[in-house]
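Enquirer: Below you will find the structure I want to go over with you.
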Amino acid sequence: MPIYKVFIDGEEMDSDEVFHTEEEAEAYGLECLGNMRVGAEIFHMSNPGDYDFDENYYDNLDFEIIEVDD
């Protein structure tokens, strides 16, 4: 049975997190993208001088689902 992992910008999101279906992995990837964007916005609102927020970066960020061996 295949297992799947999620990579964003070429980096594995969580080495312990594996999924048994592509649908589970996709839901996790979408959740991660949303969390990354919200976190970046919060950092920017708390201290805009130190934390730039580029909406285009987060709008164009995507994830990959990779099938890995057990």
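The values are calculated or read from the model by the stated rules, or taken from the named source; none is laboratory data. Only a predicted model underlies this, so the values are computations on that prediction, with no experimental measurement involved. Quick reminder, even Gly has a Cβ in these numbers, built from the backbone with ideal geometry, and neighbours come from all protein chains shown. Surface areas here come from the heavy atoms of the whole protein model, side chains and all, with no ligands, DNA or RNA. Shrake-Rupley method; radii C 1.70, N 1.55, O 1.52, S 1.80 Å.
Enquirer: Taking the dipole about the Cα centre of the chain, with the C-beta of Lys and Arg at +1 and of Asp and Glu at -1, give me whichever of GLY34, PHE63, SER46 is farthest to the positive side.
Expert: SER46
Enquirer: Whole angstrom only: what separates the Cα centroid of the stretch 32-70 from the Cα centroid of the stretch 1-31?
Expert: Here the two parts' Cα centres lie 16 Å apart.
Enquirer: If you roll a 1.4 Å probe over the heavy atoms of the protein chains, what accessible area per residue do you get for the chain, in Å²?
Expert: On a per-residue basis, 73 Å².
Enquirer: Rounded to the nearest 500, what is the chain's calculated 222 nm mean residue ellipticity when only DSSP H runs of at least 4 contribute -39500 (n - 2.57) each, over all residues?
Expert: Only helices count here, giving -14500 deg cm²/dmol.
Enquirer: Could you give the angle, 0 to 90 degrees to the nearest 10, between helix 22-46's Cα long axis and the longest principal axis of the Cα atoms of the chain?
Expert: In the chain, helix 22-46 runs at an angle near 10 degrees to the longest axis.
Enquirer: In whole percent, how big is the carbon plus sulfur part of the accessible area of the chain, probe 1.4 Å, protein atoms only?
Expert: 46
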